[in-house]
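Read-outs throughout are calculated quantities, based only on the coordinates presented, and are distinct from any laboratory measurement. Bear in mind the structure is a predicted one, so any value in this text is a computation, not a measurement. In this analysis, Cβ positions are derived from the backbone assuming ideal geometry, glycine residues included, and neighbour counts consider all displayed protein chains.
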Amino acid sequence: MELQNLLRFTFLCCSIATLAACSSADSVTAPVTPPTTPTAVTISGSIFASDVGGATVTVKKTDGTTVAGPVPTNSDGTYSIDILDTALTSDLVFESTGGGFVDEETQVNATAGSMSAFIEGGTLAAGDSVHVTPGTTIHENLITDHGKTPAEAQTAFFNAFAYNPDFTMDPVDITDPASLTADDAAKLAGWRAAVFSRLADTINVTPEQMFDMFAAIAQDLSDIPDPQMPMDGMDASGAVLIGTTVVNSPTTTDYLGTTASFTTADTANLQVTYTPLTTNNVHGKNTFKLTIMDTSGGGATPVTGLVPGTDLKVMPMMYMADRNHATPMGGITELGNGEYEVTAYYLMPSRMMDGTAMGTWDLKVMVNMKSVHFYPNINMAMMSNTVRVQLKGVADTIIDMNGLEVARPYNLFRDNLAPTGGGGGGSTYDFDVFIAPMETMMSFPALLDPMMLMSGMGGTPYNVSGVVVEASVNGGSYATGTDNGDGTWSFSALNLNTTPGFSNKIRVKLTDSNEVKTTDGLTAQAGVNDSATFSVALP
């Protein structure tokens, strides 16, 4: 309809110009520039919950005016739709109804409900893609049904799920063997969709009712949230029910429990199981077990003899709202029977103690070039026992992600604290610290003596040698640690105050042949900025 009206307007303008030119042979008229003819551009994408085939896709303005479609989706959920380029300047809603899909969790054939994605005006161009997912649906509902601005909707969504829905990302069905060759971003997008399938099943909602669950979640998030429980199953008027059911909308606790339940992943002829070994699965030093089985023969045979760093690699990545970063890694030890113990040093939790979402940890495991992913909820450690402190270089600098020269961060993690000799009842403790300097946001190697550190993008490499690590307890004299050659330094028989509730202070200094590292990156001043402090409260 819009295209027909514009063509009529163009024809009318041309006719008026022609009549004016013929009205007088002696008159001189300025040339009339006809309006630009709108051009149809093609936008492609998919409807995903998993692949929704046979759905009807329509593009509308926020006032409900249809600007393109309807068009059907293919069996794999993909679609292609032509839109006038003049419409792309407006805020648009890509809307899907109906169609069939195979539910990831239950593997039953189901009929899809309504899904959608909100696209801000001016952000689309010819050839772009719009992928409609559970996440984009909740985000769009917050805007269209609950009056949130796009920014407010994004904040509410991130607080609940620790990521921003991305309509440009093409997800894959992680339960489909064909997804094994997909890239990491597509698998992450697919996993995020699969979580909603498992969440619906967990709270006893059918695959068809899951689409009403999306609307209920948006209704829940539309009120002023409790930071510790962004989804509480309620809005300002009371409990939020899912569609015509008597089931409450899921809570943050339901969601986190669902994400944590993804502990087994399959790749070509391999099955990998992730088992946390650290109490509460906290940030800082975190140990976990990987069980790796060969499934090529139809059974499950333990995979043994994998060489860490070559045959077996573990690569955690934090996806935040505005950036991504890696984290330091410790060692991998084979336990036998296909089991491997892995140590990671998480720089940050998935959520702060007050519930504030920080991002999503993606634990990528590569076995002989075949990869699987886990997405653990990394909890915040108790503040009474410091798990990480930081010192900085002075002349030792890096070029950061903004192209600025800044002091190089050195991350010091509490690696071990145990009674001397392994016994109990005494006041002396052995203390180990693991040190990981930053090279880039993607590289935090263990500190070795000697070593050469890269210095960001284009910075001058820094030569490390003559490393000395010292520790002082509760203001006492400093003791020199023993370099274990793997990024850890050990201190034996430190005298700690064992009074319940007493906060011991272990101050750690880091020096190399060039300088003393400091808390602020400025020249060291004794007793002011030349050490970082671990608080330690004994049980």
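Key figures
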item: Bins of 10 Å from zero: percent of alpha-carbon pairs in the chain; result: 3, 15, 21, 21, 17, 11, 6, 3, 2, 1, 0, 0
item: Debye log10 I(q)/I(0) at q = 0.10, 0.15 Å⁻¹ for region 388-537, Cα point scatterers; result: -0.36, -0.75
item: Given K285/K509; K289/K392; K370/K509; K370/K517; K187/K392; K187/K285, the pairs whose alpha carbons are separated by over 31 Å; result: K289/K392; K370/K509; K370/K517; K187/K392
item: The chain - mean residue ellipticity at 222 nm from DSSP helices (-39,500 (n - 2.57) per run, n ≥ 4, rounded to 500); result: -5000 deg cm²/dmol
item: Burial order of peptide ranges 157-164, 295-302, 507-514 (average beta-carbon count within 10 Å, highest first); result: 157-164, 507-514, 295-302
item: Between region 35-67 and region 448-476, the alpha-carbon center distance in angstrom; result: 55 Å
item: Positive dipole terminus of region 40-258, leading residue within P250, N141, I203 (C-beta point charges); result: N141
item: Dipole magnitude (debye, nearest 20) for the chain, charges at Cβ of Lys, Arg, Asp, Glu; result: 1040 debye
item: Reachable aspartates and glutamates, given that their alpha-carbon falls under 13 Å from the alpha-carbon of K60 and they are not under 8 places away in the same chain; result: E2, D82, D91, E95, E120, E140
item: Within region 470-531, percent of DSSP bridges classed antiparallel, to nearest 5; result: 100 percent
item: Coil-residue GluC sites (Glu not before Pro) of region 92-191, DSSP, other Cβ within 10 Å capped at 12; result: E120
